[in-house]
Amino acid sequence: MIRADRLITDCRLATMSTEGEPYGAIDDGAILIRDVRIAWVGARADLPKHEATETDRLDGRWVTPGLIDCHTHLVFGGDRSGEFEQRLNGATYEDIARAGGGIVSTMAATRAASEDELYASALTRLAGLKATGVTTVEIKSGYGLERGTELTMLRVARRIGREAGVRVRTSYLGLHAVPPEHRGDRAAYVDLAIDDILPAAHAEGLVDAVDGFCEGIAFSPAQIARLFAVAAELGLPVKLHAEQLSNLGGAALAAQHGALSADHLEYLDEAGVMAMAAAGTVAVILPGAFYTLHERQAPPIDLLRRHGVPMAVATDMNPGSSPMASLLLAMNMACTLFRLTPAEALAGATVHAAKALGLSDRGQLVAGQVADLAVWTCAHPAELAYRIGFNPLHQRIIGGVL
Ligand code: DI6
Ligand code: FE
């Protein structure tokens, strides 16, 4: 006899369990929820004896795991629509960054904003993500580039996790860009970001993972390696923006440090793919940035598939390269631009996204995981990636609560 808080029934399930067909589909399913977790899930015909306080009948709707956006820069000040105009008048993303715009211009706006302003503006973007079924969101720092503002960004992220109806995982991204006050001495900023800001943020319990931007316009593999060494001393997992605009071997470096994920990967080569496969590092695919920057080289999806590297899909929600607040749209772009299948895209926003965050308690419909669910009014889960600008979301359930 299972005593449950809630029975969900009259529904179809995309369990995203790794056995069987790609969606792990169950045609006439049921879920029992007890104490914020899934107590039982399966075919309605196999429902065990139970007593449920509440019953939800979903009229044949599809239930998936709540979506997980595993790579965002949700908290920042200002906006960069002016740079969008500059790029359409011929400037490149790298030109703008080298001229002191780009990440550094958002840094100035973020430093100038109060904690409450950062929280309020992040909520407007979060609303878009929640409306597309997101129940867990990763949020990075990286627009403070000084101790005070980096910590403020992470505190705002934690507050979102407490107050805004979504679960949050934070990443410290101090090595995102060099702030103007250190332009003459980049090494001094690297030292500050690694030896001062990171330990301070960690001591305050603000850091779930450590990230960096390994790129010609950002930080070198040697600088990233030093960041990862300190993360390891602090017991923090790592991830990396790698091979977005060029190939510096960042993905292989991340894999050597046991990274949870390497993200972007347009310029990834087979050696990098093999290093990721060997380390179990997830490939986080970010089609919003590829689309926005009008890039030409797609990530090597076939190689990732062939070597069995799990692929996650995320929005990269940020003011410069991906001002996109819909995870469903990211899934659509992953299919249309990069040729992922709709099932791969959904796995990329659920089970593999969880893995990219080092989480095994969500991302699938299996007993024991938290009861974070998305309910969709659609005829088949392939519709989630197929439709553009439609939103079939019926409801979100977090920890068993509507
Ligand atoms: N790569 C990106 O696409 C974002 N950060 C990064 O390292 C862009 C951030 C920005 O342009 O503000
Ligand atoms: Fe990013």
Theoretical gain in end-to-end length, GLN256 to ALA278 [0.36 nm per residue, Cα-Cα removed]: 7.0 nm
Whichever lysines have a C-alpha closer than 29 Å to that of LYS355, once near sequence neighbours (fewer than 8 apart) are set aside: LYS130, LYS140, LYS239
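Test of the criteria: in region 324-402, which trypsin sites (Lys or Arg not before Pro) are in a DSSP loop and have at most 15 other Cβ atoms within 10 angstrom of their Cβ?
Numbers: sites: ARG339, LYS355, ARG362, ARG387, ARG396; in loops: ARG339, ARG362, ARG387.
Those satisfying the criteria are ARG339, ARG387.
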Efficiency of FRET between GLU117 and GLU85 - r from beta-carbon atoms, R0 22 angstrom, step 0.05: 0.35
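Near LEU327, within a Cβ-to-Cβ distance under 11 Å, what is the net charge of the other residues, with Lys and Arg +1 and Asp and Glu -1? Could the numbers behind the result be given before it?
Numbers: positive: LYS130; negative: ASP69, ASP316.
Local net charge: -1.
What GluC sites (Glu not before Pro) does region 146-208 have in DSSP loop regions with at most 15 other beta carbons within 10 Å?
Numbers: sites: GLU146, GLU150, GLU163, GLU181, GLU204; in loops: GLU146, GLU204.
Within region 146-208, the qualifying GluC sites (Glu not before Pro) (loop, at most 15 other Cβ atoms within 10 Å) are GLU204.
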Under 18 Å from the THR92 label point (7 Å along Cα→beta-carbon), backbone N, region 236-264: 242-249
Which of ALA349, ILE8, LEU74, positive extreme of dipole for the chain (C-beta unit charges): ILE8
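How would PHE338, PHE84 line up from fewest to most surrounding beta-carbon atoms within 10 angstrom? Please list the in-between numbers first.
Numbers: PHE338 21, PHE84 14.
Listing PHE338, PHE84 from fewest to most nearby Cβ atoms yields PHE84, PHE338.
Is there a quick way to get the dipole size of the chain? I mean about its Cα centre, with the Cβ of Lys and Arg at +1 and of Asp and Glu at -1; what is the value in debye to the nearest 20? Each step should come with its number before you reach the end.
On the way: 35 positive and 47 negative charges, 121 e Å.
Dipole about the Cα centre, nearest 20: 580 debye.
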Distance from region 27-48 to region 155-177 (C-alpha centre basis), Å: 32 Å
Alpha-carbon centroids, region 356-402 and region 93-135: separation in whole Å: 26 Å
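Name the shape class, rounded, prolate or oblate, that the alpha-carbon gyration tensor gives for region 300-369, where a ≥ b ≥ c are the square roots of its eigenvalues, rounded holds for a/c under 1.5, and otherwise prolate holds if a/b is larger than b/c and oblate otherwise.
Numbers: a/c = 1.85, a/b = 1.22, b/c = 1.52.
Oblate shape, in that a/c is at least 1.5 and b/c is the bigger or equal ratio.
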Cα centroid separation, region 59-76 to region 246-267 (Å): 24 Å
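Since every read-out is calculated from the coordinates, none of them should be taken as a lab result. The structure presented is a predicted model; accordingly, all values stated were derived computationally and were not measured. Cβ sites come from the backbone with ideal geometry, for glycine too, and all protein chains shown count toward neighbours.
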